Amino acid sequence: MKAKQYTVFVLFAVLLGLMPMTKGVAADLLPPQQAIEDASTKLHAKLQDRTFAQDFVQVTRFVNEVIMPHTDFDRISALVLGQNWKTATNDERQRFKQEFQTLLIRTYSRAFVEFRDWSIRFLPLEMEPGATKAVVKTEVLQPGIQPVAVNYRMVQSQGDWKAYDIMIEGVSLVTNYRTTFTNEVKNKGSLAAVIDGLAKRNAEALASGSTSARS
């Protein structure tokens, strides 16, 4: 199954391991994998409460609390903006990071609400002693379809392992968003205009209680 056949909510469902992982492997996980498993355990427990899942405010707050310690939003924001990050002012960088993080949390919250019968399987991880970067390879499993390769680019930051990119069947989240925002900057004429537009969409979506990434 091609990555393009997956909706945005599935992309973020696998980010940081929203799905429960297959049994019997937790004890064998290395630190980068454990970071994903930690978020997986907390989120999966909340999925059992359907009443909670219907409260958008609670969902977004909880999702933000769970994934923040395991996600390097500074690195993601810089990679997503690419050349535009280098020429951005400090204020623009901070505003973009804040609004982009809000976008990701909204999208991830949508995944949380629409979660169905998925699980994640960790593949063997090869790491050199003292390595500060790793690619955690997993497979997303769903009854009736072939496993989907989902890999996480992880970096060790101040002793903690954090995700800064996710690849589904070889398609990078960072690369996709970089293309989107690069085109938006060209079309709107400035990064500031793009950030303003993103902030407006986020505010409208949050006010209406929508988890849609396109809102």
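Fully extending the segment from GLN98 to SER190, taken as 0.36 nm per residue of separation minus the present Cα-Cα distance, adds 31.4 nm. Database remark: amide H of SER157 closer than 5 angstrom to the amide H of LYS162 (H placed geometrically; neighbours at sequence offset of 5 or more, or on other chains; Pro and chain starts carry no H).
Counting charges near ILE76 (Lys, Arg +1; Asp, Glu -1) among other residues having Cβ under 9 Å from its Cβ returns a value of -1. Listed cross-link partners LYS137/LYS186; LYS97/LYS162; LYS162/LYS186; LYS86/LYS188; LYS133/LYS186; LYS162/LYS200 are compared with a 25 Å cut-off, the Cα-Cα value being larger for LYS137/LYS186; LYS162/LYS186; LYS133/LYS186; LYS162/LYS200.
Close amide-amide hydrogen proximity is noted between THR138 and LEU123, VAL150, ASN151, TYR152, each under 5 Å apart and 5 or more residues distant or on a separate chain (H modeled in the peptide plane; Pro and chain starts excluded). Would you tally the net charge around VAL174, using a Cβ to Cβ cut-off of less than 12 Å, leaving VAL174 out, and scoring K and R as +1, D and E as -1? Its environment carries a net charge of +1. Across region 157-166, computed HN-Hα scalar couplings (Karplus, 6.51 cos²θ - 1.76 cosθ + 1.60, θ = phi - 60°) run 10, 6, x, 10, 8, 10, 7, 10, 6, 9 Hz from first to last residue, x flagging Gly and Pro. Rolled with a 1.4 Å probe across the full set of protein chains, the surface gives GLU204 an accessible area near 100 Å².
The values are calculated or read from the model by the stated rules, or taken from the named source; none is laboratory data. Please read all numbers here as calculations on a predicted model, not as lab measurements. Positions of Cβ are backbone-derived with ideal geometry, glycine not excepted, and every protein chain shown enters the neighbour counts. Side chains included, ligands, DNA and RNA excluded: accessible areas come from the protein's heavy atoms. Shrake-Rupley method; radii C 1.70, N 1.55, O 1.52, S 1.80 Å.
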